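Computed from the coordinates by the stated procedures, all read-outs in this text should not be read as laboratory data. All values derive from a computational prediction rather than experimental measurement. For neighbour counting, all protein chains shown are included, and Cβ atoms are generated from backbone atoms with ideal geometry for every residue, glycine included.
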Amino acid sequence: AILAHGRCTPAAQSPPRPNHSGGRRASAMSVRLAAYGAYGLSFAISAFLLLPKSVAGMLPKPVRDLRHRLVGQCRRAGELSAKGPFFRIAVWLGRKLGRGYLASAPRAPSLKAKAAGAEDVLVTFGPAGPWNPFHEEDYILSWREAAVAPEGSEVAWRTKRLDAASDCERVGGRLRAAIDGLREASPVEVRIAAAN
């Protein structure tokens, strides 16, 4: 109270402050509910897309068509992102920092040899590597002339290590290398192995 001229007058009261804590709680709750809803929806869509074909075959035709279209779009998005710069940088870092420990075990490639002249052989081989972006492999090409060796001895194998990027020509999804300097019209045995 303020004393003015001997009279007591009540002090001017400030208006009550609005209580915003209820509004904050409500907005925080709505954000949480939206986040939980988004998580639940993403889980449901992932489960829908990852259904086995045997289970998906029991769904009604429109639902199967929707699932087929969504799976195709997800596959296309994955292919496009695998060609993007962020994916390539991540793969490069994984290969450099992993130093081969992130690579999968190599598998034997398919092999096809064809004469390309009297002294040359073209070797075409298809890598059988897994879908592992950190997988790197080189190839070891071995050959020997299948001539008859003296009794008790074998013709020695000659070996050449091939780098897929620099020593081979890419033909479709396969690689091609040449063996030259062979004896004219001599039969040749060829084998190839993959190595990390």
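Just a few scattered comments:
- Shown for 135, 68: other C-beta atoms within 10 Å of each C-beta, ranked fewest to most, produce the order 68, 135.
- Surrounding net charge for residue 45, when Lys and Arg each add one and Asp and Glu each subtract one, Cβ distance under 15 Å: +3
- The phi torsions of the range 172-178, fed into the Karplus equation with coefficients 6.51, -1.76 and 1.60 and a -60° offset, translate into couplings of x, x, 10, 10, 9, 9, 10 Hz, rounded to whole numbers, with Gly and Pro shown as x.
- Approximate shape of the range 110-195 as ellipsoid semi-axes (Cα gyration tensor, √5λ), whole Å, largest first: 27, 15, 10
- Near the amide H of residue 188, within less than 5 Å, lie the amide hydrogens of 146, all on another chain or at least 5 residues away, with H placed in the peptide plane.
- Cross-link reach list, lysines versus residue 112, counting only Cα pairs under 22 Å and skipping chain neighbours closer than eight places: 160
- Note that the range 28-83 shows a convex hull volume over its alpha carbon atoms of 101 Å³ per residue.
- Distance from the range 127-196 to the range 67-108 (C-alpha centre basis), Å: 28
- Based on C-alpha pairs under 8 angstrom that are at least 6 apart in sequence, the range 110-195 has a relative contact order of 41 percent.
- The chymotrypsin sites (Phe, Trp or Tyr not before Pro) found in the range 92-196 that occupy coil by DSSP, while having at most 13 further C-beta atoms within 10 Å, are 101, 131, 157.
- Partner aspartates and glutamates for residue 96 [C-alpha distance under 19 Å; skip if fewer than 8 residues away on the same chain]: 136, 137, 138, 163
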